[in-house]
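Heads up: the structure comes next, in structure tokens.
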């Protein structure tokens, strides 16, 4: 009967520990593993993965493997009788087992461990004390290993693809086991260059053949090479080159068990290279059960091997030097599982959402995204940080101070018979947006009267009749102040207080930068009616990662205000806000991962109470509540959004003729619009015991972590009939509802009236 001989030789070296991940300190392995402890920890040392050693047996009591040799171990020999059961009579099997899965050892010489130090070992004794056996012995060992539940079968024996061996390979592969063969020590072509026929398709994806390199990652002189042969399965085949890896195989320190538990040897040969790949498969399958489920662990090792040849797979090194560091990193495009079960690529996603407004920094959802589950091209789960998808001010806190002059403006005012009009213009280069009256011009001027190119752009026009009725049109400027003027009367102290407190116009403020129209009517000697509409500029949302969608907002408000009794005045304001790809000031890609829905409709009720303190002084209390409709999201990580409630508060003090005739002092404290209830149902994906994705949903609160409080003061002082000095100081704690962020701003201006 054909004898199957071992591929390794040994030199006894007493009292030395075996090599780290099956390579000694000069093996070159250290350059391939960035952090051995991290790799082993990620895989729990290979715990739960049985590695079968079809060899001379294992000394189960040896400290390297004690307590981890399966009771399913057996004598698999059919050509001889095992006098000592599966116990190793040669030392070779125990050495191989220790290289694959020996525990951490520490001596005066070195401190090292096997590749998968927590894996279970199954000893299938198929070779005698001389290291010899038949092909049928090996085949029987493979079958018994598969029946014992081995997920990796190490074969540090000569490869002889007899009918029984091929049949055994097919059987083990059908049960999901990866078979790792030593490449051979004849310095020749693997299997003599002959093809292996009769294999199954599963066998082609479950075989690894390992050659040996020296400590400098050069082919060991005795190692076989892939040659030109192939493993053939019907009409398909895989070249030995494509199934080939190399690993350190010279001077590998491992036990020489038959001389005692303290005896170690420096082993050389492909017999010591192969168990390194076996241990690597165990680590990979322990870390990612999907690799066992789909039978792709060997493919991961092939794809991540370090190329030692000229280019790609070659006749000397096959796929190259096994590289566990790369094998434990993501391969190919990364994706997440969407709320609808779809796979969504994430490789280049940034600024999917620009958070802000009442949502703040999207804190709760952001915290879930810091450790989110994504998958690589092998369906392996990795923890990734997706917070880069949210573009907002960092939450690290700090203080920012800016001095911001207003944009250069020219205000033209004319009064007459109790009425008047105002036109506000800016330089065309200073503020984005179109000219309010551009469409009415046949020939836009080439320059203004001073010869400046581009001329002035009309931004705002307001007309007030003698009865106090008001009409205002704007483009590219805020309509909040115009609405306050329409509510309380143009130029009134209460209008100034209203525009500073901001609660009643919280929704209106979220739809600025485009066209606006405002009207105010005097309906009696005590009450006024006001209405306004405004929209964002069409370019809002262009900062998102894609241009597939743009965010757009439209707001409308109506208000009744006036004196209710004595020194008390009040107003009631009703507002609506419609947002496309936006939610209360946050904007996002409507087809992106963090879409909160294509459209949202919000309604607001606001009440203002004003106490006339006499002497040109007044105190205004302002509060509003906002309710936003929820809805189902079409795609992305969010399945649906609940109905949302937000609130805003403010109190303002205003005084005319505070320090000199015609001046105006305004002080305010406000709590800008902030979500107080509402949640987004976020998809969270894990994996089951086979490695398949399992998605659950968690209601992530939309209430921001921060709670903004603004304190501000402004002062307006006339210096002549045509000029006014203005100054403003704002201090915001938890600015933009971001916890710990302080924003301080100072603005100075000179208003010229012509």
| field | Hey, residue 180 crowded, with 22+ Cβ neighbours inside 10 Å and in a strand (DSSP E or B) or not | value | yes
| request: State all residues of segment 149-162 that are in a loop (DSSP other than H, G, I, E, B) and either without any contact (Cβ under 8 Å) to a residue 60 or more places away in the chain or crowded, with 21+ Cβ neighbours inside 10 Å (or both); if no residue qualifies, say none. | output: 150, 151, 156, 158, 159, 161
| query | Quick one: is residue 687 buried (at least 19 other Cβ atoms within 10 Å of the Cβ) and either touching a strand residue (DSSP E or B) at 6+ places or on another chain (Cβ under 9 Å) or modelled with pLDDT of 95 or more (or both)? | reply | no
| When you go through 188, 223, 235, 239 one by one, which is the residue that is in the same structural domain as residue 309 (by TED's automatic domain parsing) and under 17 Å from residue 306 (Cβ atoms)? | 223
| said: Can you tell me which condition residue 328 does not meet? The list is (1) over 26 Å from residue 646 (Cα atoms); (2) in contact (Cβ under 8 Å) with a residue 12 or more places away in the chain; (3) surrounded by fewer than 20 Cβ atoms within 10 Å (Cβ to Cβ), and all the others hold. | reply: (3)
| field | Given (1) within 19 Å of residue 58 (Cα to Cα); (2) modelled with pLDDT under 95, index of the condition residue 155 fails | value | (2)
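One line per residue, one yes/no per condition, for (1) in contact with a helix residue (DSSP H, G or I) (Cβ under 6 Å, 6 or more places away or on another chain); (2) surrounded by 17 or more Cβ atoms within 10 Å (Cβ to Cβ); (3) more than 26 Å from residue 484 (Cα to Cα); (4) at pLDDT 95 or above:
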site	(1), (2), (3), (4)
543	no, no, yes, no
555	yes, yes, no, yes
562	no, yes, no, no
587	no, yes, yes, no
590	no, yes, yes, no
596	no, yes, yes, no
599	no, no, yes, no
602	no, yes, no, yes
| field | Only one of 265, 223, 237, 271 that is in contact with a strand residue (DSSP E or B) (Cβ under 6 Å, 6 or more places away or on another chain), part of a loop (DSSP other than H, G, I, E, B) and either crowded, with 22+ Cβ neighbours inside 10 Å or modelled with pLDDT of 95 or more (or both) | value | 223
| task | Kindly indicate the residue of segment 364-391 that is at pLDDT below 90 and crowded, with 21+ Cβ neighbours inside 10 Å and also farthest from the chain's Cα centre (by Cα) among those meeting that condition. | result | 390
| request: Could you grab the pairs with beta carbons closer than 6 Å, sequence gap of 6+ or different chains, first residue in segment 454-469 and over 16 Å from residue 487 (Cα atoms) and in the same structural domain as residue 526 (by TED's automatic domain parsing), second one at pLDDT 90 or above and surrounded by 16 or more Cβ atoms within 10 Å (Cβ to Cβ)? | output: 460/474; 461/473
| query | What do you reckon, is residue 78 assigned by TED's automatic domain parsing to the domain that holds residue 40 and touching a strand residue (DSSP E or B) at 6+ places or on another chain (Cβ under 8 Å)? | reply | yes
| said: When you check residue 118 against the structure, is it in a loop (DSSP other than H, G, I, E, B), farther than 28 Å from residue 163 by Cβ, assigned by TED's automatic domain parsing to the domain that holds residue 262 and touching a residue at least 60 places away in the same chain (Cβ under 8 Å), yes or no? | reply: yes
| request: May I ask you to list the residues in segment 41-83 that are surrounded by 24 or more Cβ atoms within 10 Å (Cβ to Cβ), within 39 Å of the chain's Cα centre (by Cα) and outside any loop (DSSP other than H, G, I, E, B)? | output: 45, 46, 51, 52
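The values are calculated or read from the model by the stated rules, or taken from the named source; none is laboratory data. All values derive from a computational prediction rather than experimental measurement. Quick reminder, even Gly has a Cβ in these numbers, built from the backbone with ideal geometry, and neighbours come from all protein chains shown.
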